[in-house]
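> This is the structure I want to talk about, given as structure tokens.
The values are calculated or read from the model by the stated rules, or taken from the named source; none is laboratory data. Predicted, not measured: the structure shown is a model, and the values here were computed from it. Ideal geometry is used to build each Cβ from the backbone, glycine not excepted, and the neighbour counts take in all protein chains shown. Only protein heavy atoms, including side chains, enter the accessible area calculation; ligands, DNA and RNA are left aside. Shrake-Rupley method; radii C 1.70, N 1.55, O 1.52, S 1.80 Å.
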Amino acid sequence: MNLKQLAAHLNLSQTTVSRALNGYPEVSEQTRKRVAEAAQALNYAPNARAKGLATGRAMAIGHVIPISTQHQMMNPVFGDFIAGASEEYVKAGYDMTLSV
């Protein structure tokens, strides 16, 4: 289910649905509640990249791994750290990016 499909299901514009989901004040509380209930019932999850473009917030955390002769990615502590960090980021609604 994407935003366009959710909007069609509710017979609302995509803009209204997007604004309702993002808490814009010009959307009535009744509409906001109706949209939220439908989104939950239909398992709607916003596309993270599209939401970032719409809100101006990427909701991403990046880790930069230095290039070295000792590859930190092979270090078992590094793997545990990245796995734990990733779980926490997801709980908070963030994406994780790794870069060399």
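> Within the bounds of the stretch 1-16, is there any residue that is hydrophobic (A, V, I, L, M, F, W, C), free of Cβ contacts under 8 Å to residues at least 60 places away in the same chain and under 23 Å from residue 89 (Cα atoms)?
no
> Another one. I need the full set of residues from the stretch 1-34 which are of a type in the set (A, V, I, L, M, F, W, C) and touching a Leu at 6+ places or on another chain (Cβ under 6 Å), in order please.
Within the stretch 1-34, 1, 17 meet the criteria.
> Another one. Would you confirm, using the coordinates I've provided, whether residue 62 is loosely packed, with under 12 Cβ neighbours inside 10 Å, small (Gly, Ala, Ser) and on the phi > 0 side of the Ramachandran plot?
Judged against the criteria, residue 62 is not a match.
> Pairs under 7 Å by beta carbon, first residue at pLDDT below 95 in the stretch 34-61, partner surrounded by 14 or more Cβ atoms within 10 Å (Cβ to Cβ) and of a type in the set (S, T, N, Q), six or more apart or different chains?
That search, which allows pairs on different chains as well, returns 54/18.
> Separate question: Looking only at residues that are open to solvent by 60 Å² or more (accessible area, probe 1.4 Å) and of a type in the set (Gly, Ala, Ser) in the stretch 29-53, which one is nearest to the chain's Cα centre (by Cα)?
45
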